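Comments concern the structure below.
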Amino acid sequence: MTPRSRRRLGVLVGIALLPPILGAASAASSPIDDKKAQAARLQQQIDQQGERISVLDEQYNRAHLKLQQTQASLSKAQADLASADARFNQVRSRLSQAAVTAYTHGGNTRMVDELVRSDGRDLPVRRQYVETAAADERQALDDLKAARQDLDALRSKLQRNQKDAKAANDKLGADRSALEGAVAGQQALLGQVKGELATLIVQKQAADEAAARARATAELAARQAAAARPSRSSSVPLGPAPPVGHGASAAVATAEAQIGKPYVYGAAGPDSFDCSGLTMYAWQAGGVSLSHSSQAQYSETTHVSAADMQPGDLLFYYSDIHHVAMYVGGGMMVEAPHTGANVREVPVRDGYIGVGRPG
């Protein structure tokens, strides 16, 4: 189906969802009413599943960040352990060499000569010095051994954490794939229902047009009078959006340029986005670096009141902050909503829990 056909079908379905404007309403349920109700139920289910997928997207992003952090910590621990091993081997080599020398030459000959020439009064002091020097080497070796054991324990812990983080990451991905499969099936069924609804609407329109033509002759005068009646419809033009600063202006322009691109979880452009990926991508064009997580972006931005909201500010939704959108001025915002929908510009929805200003 072409985009134009989909738009036409959307208009037809929209008409069907409006109250009847032709004829008296029947007390019994009509086929069109049944299809409308079925389509509404399916759309509600898809929206609910999309909301659940949006929650999973944020959880997946956080799990992925945690996995990356754990991998970085593990790499550092492995490097520290290698360094400790090298120092340990150096000290152990020095002690081994000292032992060989003592065995081969009976100890340090220079020290023995000095002890022989001495009057014996400083012998305890010299013995204590020798024992202290050897003890220092042994203490250093013990300290390095303990440090190496600590690092090895840390590495084992980080390896377990990495395994757990990867398991959580994989499970969230699997859960999301299962939900996506369910959404795909519901969308396919919704498409079928919309097609059937469009057929019913066309048939009803044809019947209404035939009835209207039959009444045309007898009601010609009334119809002419109705056609001559002036329209009382009016429109109120919206004012321009308020001006924005340089960075915010670039971010707004970049966000609006993505309208129509598909929502894909974990995506951050340039061809598809999730909610925090879109705002991160847009503000990168404005010279501000944000994390790929709506919760992280809430922490990274300066919170302002709704009265002070300016284009480029971010709107955060839900108590666990699993959705973020960008205010673009004129009461409108741009968002990547959920699976099955594209990046879009819509009126600002109530219910946001905070407004954040990057930069």
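The values are calculated or read from the model by the stated rules, or taken from the named source; none is laboratory data. Since the structure is predicted, the reported quantities are computational estimates derived from the model, not experimental observations. We place every Cβ from the backbone using ideal geometry, glycine too, and count neighbours over all the protein chains shown. Note: accessible area is taken over every heavy atom of the protein model, side chains too, but ligands, DNA and RNA are not part of it. Shrake-Rupley method; radii C 1.70, N 1.55, O 1.52, S 1.80 Å.
Brief remarks on what is shown
- Fraction of accessible area attributable to carbon and sulfur, segment 317-359 (%, probe 1.4 Å): 50
- As a calculated quantity, the FRET efficiency between residue 146 and residue 171 at R0 = 45 Å, using C-beta atoms, amounts to about 0.75.
- Taking 31 Å as the limit for the C-alpha separation, the pairs 171/194; 66/261; 76/171; 166/194; 171/261 exceed it in the case of 171/194; 166/194.
- Between residue 69 and residue 160, residue separation times 0.36 nm minus the direct Cα-Cα distance comes to 31.4 nm.
- Simple spin-label estimate for residue 353 and residue 256 in nanometres, 7 Å along Cα-Cβ: 3.0
- Neighbours of residue 312 by Cβ distance under 12 Å: Lys/Arg scored +1, Asp/Glu scored -1, total -1.
- Annotation: amide H-H contacts under 5 Å for residue 328 (H modelled 1.01 Å from N, sequence separation of 5 or more, or interchain): 312, 333, 334.
- Two-site FRET efficiency, residue 189 against residue 33, from Cβ-Cβ distance with R₀ of 22 Å, rounded to 0.05: 0.75
- Calculated FRET efficiency for the pair residue 300/residue 80, C-beta based, R₀ 45 Å, to 0.05: 0.90
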